[in-house]
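Student: Supplied in structure tokens, the structure appears directly below.
The values are calculated or read from the model by the stated rules, or taken from the named source; none is laboratory data. Computed from a predicted model, the values in this text were never measured in an experiment. Quick reminder, even Gly has a Cβ in these numbers, built from the backbone with ideal geometry, and neighbours come from all protein chains shown. Side chains included, ligands, DNA and RNA excluded: accessible areas come from the protein's heavy atoms. Shrake-Rupley method; radii C 1.70, N 1.55, O 1.52, S 1.80 Å.
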Amino acid sequence: MEQEGPLFILGVFFVLGIVALTVVAVLQNKPLPENLKYGIVLDAGSSHTSVYIYRWPAEKENDTGVVQQVEECKVEGNGISSYHEKPVEAGLSLQACMNKARDIIPVSKHKETPVYLGATAGMRLLRLTNSRVADEVLASVENTLRSSPFDFQGARIITGQEEGAYGWITINYLLGNFIHSSPWFNIMPNSKEGTSGALDLGGASTQITFVSDENIESQDNSLRFRLYGKSYNVYTHSFLCYGKDQALRLQLANTMTGQNITLLDPCFNSGYMRNVSTADLYSSPCVSGLRILTAPQTIQIQGTGNYQLCKNKVQTIFNVSHCSYSRCSFNGIFQPGLQGEFGAFSAFYFVMDFLKLTKEKVSLDSVKDTVERHCSKPWAEVKRESGRIKEKYLSEYCFSGVYILSLLDLYGFNSSSWEDITFLGKIHGSDAGWTLGYMLNLTNMIPAELPPSPPLSHGGYVGLMVFFSVFLLFILLTCWLTFRKPKCLQKGII
Ligand SMILES: Nc1ccn([C@@H]2O[C@H](COP(=O)(O)OP(=O)(O)OP(=O)(O)O)[C@@H](O)[C@H]2O)c(=O)n1
Ligand SMILES: [Ca+2]
């Protein structure tokens, strides 16, 4: 009994020591209160402008998947390129959304919040038509953004290559495809985990971007990235004039005649009518070469709603007769074989979402059936069923559905690879699109090499500490029971 006293006290101290060690470990490694940073990107698209506000914890800047979209403010009216006759008003149109950003971002962060504006295909086309006016529009939006309380970083027309690349970065960042397990637990550090290709369908251009193991035969389509310690060989192409709205113009221009005032169009639902000014139709550089000088000033489109005839008509806008590479998608543009999964967003998503084809994987045949059924519906029925949707969008879903099927077919998607496409609007609350990737790149938030990080997460560290403490306690108890058997146990044995 005299010998057990000091041993018992030693045991108590040992237990106290373990408890103290665990408490210190937990407190010392408690995450610091979050210091949040903000960033704003304006997506000045051909059909509309959206202001995106992003937020992320400053300490985790170089981690993947930490930047979140907190707001998307849709600017009233059309895209900035539509202000070509009154450039000054382009800047004014942004004011309401910039005021909203002021309200959302805490005042103390305004000065340090970067603002970027990237204009896409609408402005690329305006620059082709009249570069002076395009500069005036840019100067106007720049004025508005400079007068905001934020840290204005520039307004520019991004290239189609950038648009494709940043869209690809955005979706793979949001899907968590860049960083995987901690290097300590990565059994196969050289294994190549998959990335997802990106398909973006805008109003004036469309982009296809994916990792390819093949030789990229044309330099313009080749991107090489090193992100988080891994190299990526990426194929990208942006087809100017093959966004949904410009493709529709091309399709109309291809069937224009010199005389007829009415144009029967199988890509619109029967009973639908629309007047089109030919001056407006030919104002785009995408179709100006197709101008028929004798065309009437205004034509009236009358829908006939026929999927097969629409498909035949849509196919006339693609040129598949020449290719100077080993393989091409269309218009003589090189494209390697499709590889991996694909995320399809913007109009790919809007149209498929309208047709209720995004929730689960639907076979290519059922998609074709659905588009065919939609095209054959009379316009009155379409309006009755979906009257809330903007008439411009609603009236074009038959054309858009057929266009998307034709485009994806030319990219090489067939019945089996169709299953590799996911139509997505948002990923974990952030919109799929080029803006996030653009900001991540300009704020240097994607490191080329894997940033040094503790091998264990905070939770993992605390968990291990507790586990080993309990383990030590167990050993101590076992030793004590083995070498200094308490009386009660000794009795039991005898
Ligand atoms: N609910 C919606 C929203 C948009 N659209 C159409 O989808 C197309 C693409 O829209 P968006 O991705 O916003 O194009 P932009 O970014 O404006 O164009 P771009 O990228 O070519 O500059 C446009 O024709 C638009 O009319 C649609 O059909 N349904
Ligand atoms: Ca766009």
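Student: Based on what the data block shows, is residue 245 under 33 Å from the mean Cα position of the chain (by Cα), open to solvent by 20 Å² or more (accessible area, probe 1.4 Å) and without any contact (Cβ under 8 Å) to a residue 24 or more places away in the chain?
Tutor: Criteria not met by residue 245.
Student: Please verify whether the range 319-333 includes one or more residues that are part of a loop (DSSP other than H, G, I, E, B) and within 16 Å of ligand 1 (Cβ to nearest atom).
Tutor: No, the conditions are met nowhere in the range 319-333.
Student: On to the next question. Open to solvent by 50 Å² or more (accessible area, probe 1.4 Å), assigned to a helix (DSSP H, G or I) and within 14 Å of ligand 1 (Cβ to nearest atom), is that true of residue 365?
Tutor: No: the conditions fail for residue 365.
Student: I need every pair where a residue in the range 162-177 that is open to solvent by 20 Å² or more (accessible area, probe 1.4 Å) has its Cβ under 7 Å from the Cβ of a residue that is part of a helix (DSSP H, G or I) and of a type in the set (Ser, Thr, Tyr), sequence separation at least 6 or different chains.
Tutor: Listed pairs, sorted by first residue: 166/438.
Student: Exactly one condition in (1) within 16 Å of ligand 2 (Cβ to nearest atom); (2) open to solvent by 20 Å² or more (accessible area, probe 1.4 Å) is not met by residue 262; state its number.
Tutor: (1)
Student: Scan the range 430-463 for residues that are open to solvent by less than 70 Å² (accessible area, probe 1.4 Å) and aliphatic (A, V, I, L, M) and jot them down.
Tutor: 432, 436, 439, 440, 445, 446, 448, 456, 462
Student: Looking at (1) closer than 25 Å to residue 126 by Cβ; (2) assigned to a strand (DSSP E or B), can you tell me which one residue 203 breaks?
Tutor: With (1) closer than 25 Å to residue 126 by Cβ; (2) assigned to a strand (DSSP E or B) applied to residue 203, the lone miss is (2).
Student: Please go through the range 340-356 and give me each residue that is surrounded by fewer than 19 Cβ atoms within 10 Å (Cβ to Cβ) and out of contact with any helix residue (DSSP H, G or I) (no Cβ under 9 Å at 6 or more places or on another chain), ordered by number.
Tutor: Scanning the range 340-356 gives a single hit, 353.
Student: Select from the range 292-306 the residues that are touching a Leu at 6+ places or on another chain (Cβ under 9 Å) and in a loop (DSSP other than H, G, I, E, B) and write down the one among them that is most open to solvent (accessible area, probe 1.4 Å).
Tutor: Ranking the qualifying residues of the range 292-306, first place goes to 304.
Student: Return the residues of the range 199-227 that are more than 20 Å from residue 331 (Cα to Cα) and either within 19 Å of the chain's Cα centre (by Cα) or of a type in the set (A, V, I, L, M, F, W, C) (or both); say none if nothing qualifies.
Tutor: Once the filter is applied, which keeps residues that are more than 20 Å from residue 331 (Cα to Cα) and either within 19 Å of the chain's Cα centre (by Cα) or of a type in the set (A, V, I, L, M, F, W, C) (or both), the range 199-227 yields 211, 223, 225, 227.
Student: Can you name the condition, by its number, that residue 223 falls short on among (1) within 16 Å of ligand 2 (Cβ to nearest atom); (2) within 16 Å of residue 434 (Cβ to Cβ); (3) not in a loop (DSSP other than H, G, I, E, B)?
Tutor: It is condition (1) that residue 223 fails.
Student: Going through the range 382-407 one residue at a time, which ones are outside any helix (DSSP H, G or I) and either within 16 Å of ligand 2 (Cβ to nearest atom) or open to solvent by less than 90 Å² (accessible area, probe 1.4 Å) (or both)?
Tutor: Correct list: 387, 389, 396.
Student: Before we move on, is residue 34 surrounded by fewer than 19 Cβ atoms within 10 Å (Cβ to Cβ), within 16 Å of ligand 1 (Cβ to nearest atom), over 17 Å from the mean Cα position of the chain (by Cα) and part of a loop (DSSP other than H, G, I, E, B)?
Tutor: no
Student: Which of (1) assigned to a loop (DSSP other than H, G, I, E, B); (2) open to solvent by 10 Å² or more (accessible area, probe 1.4 Å) is the odd one out, the single condition residue 268 does not satisfy?
Tutor: That leaves (2) as the condition not met.
Residue-wise test of (1) over 16 Å from the mean Cα position of the chain (by Cα); (2) at pLDDT 95 or above.
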position: 414; (1), (2): yes, yes
position: 420; (1), (2): yes, yes
position: 425; (1), (2): no, yes
position: 429; (1), (2): no, yes
position: 448; (1), (2): yes, no
position: 455; (1), (2): yes, no
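Student: Here are some conditions: (1) away from ligand 2 (no atom under 16 Å from the Cβ); (2) at pLDDT 95 or above; (3) not in a loop (DSSP other than H, G, I, E, B). Residue 177 meets all but one. Which one does it not meet?
Tutor: (3)
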